[in-house]
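Below you'll find the structure, written out as C-alpha cells, and then a few comments.
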Amino acid sequence: MWDHAKQVMVDLFKAAGGEMWSVEAGPNRPGTSLHECGVCRMGSDLRTSVANRWAQAHDVPSLYICDASIFPTSTDKTTTMPIIAFAMRTCDYIAGNLRRGVHRRA
C-alpha cells in the first residue's frame, strides 16, 4: 500500500505539472506507515457514511469498525492514538449495551 500511495502521489503531482522525486528516492525511512482513512466514514447520513458515531455499521448492526477507515481524513501525524482512543470508546459502548441487555443503534 505504501509503494502504491507514493506512486499515486507522484502521478498526481506530475499530472498537475509539478516535479517530484522518484518513487525510489521518496520517503522510505524506517517507521513510516500508511493508515487508510475515509473508506468507512462515520456519520448519520446512510448515503454518505458507512458507520454511526459509535463505529457501528449502518447495514450490519453487529459490525463495529475500529480502525483509521472511519476517520474522513488524517492529520500529518499517525492515527494510532486516535484509533486506540476510539476503539476504547466503542468497547465501552458495546459493554454498556451488553450490561443493559440491549443491542441498539445510536
Could you check, for the stretch 85-105, whether at least one of its residues is modelled with pLDDT of 85 or more and touching a helix residue (DSSP H, G or I) at 6+ places or on another chain (Cβ under 8 Å)?
yes
Selection from the stretch 12-57 of residues at pLDDT below 85 and part of a helix (DSSP H, G or I) yields L12, F13, K14
The number of residues in the stretch 52-91 that are more than 13 Å from M42 (Cα to Cα), surrounded by fewer than 14 Cβ atoms within 10 Å (Cβ to Cβ) and under 11 Å from the mean Cα position of the chain (by Cα) is 1
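The values are calculated or read from the model by the stated rules, or taken from the named source; none is laboratory data. Just so it is clear, the model here is predicted, and its values are computed rather than measured. Virtual Cβ from ideal backbone geometry, glycine too; neighbours counted across all protein chains shown.
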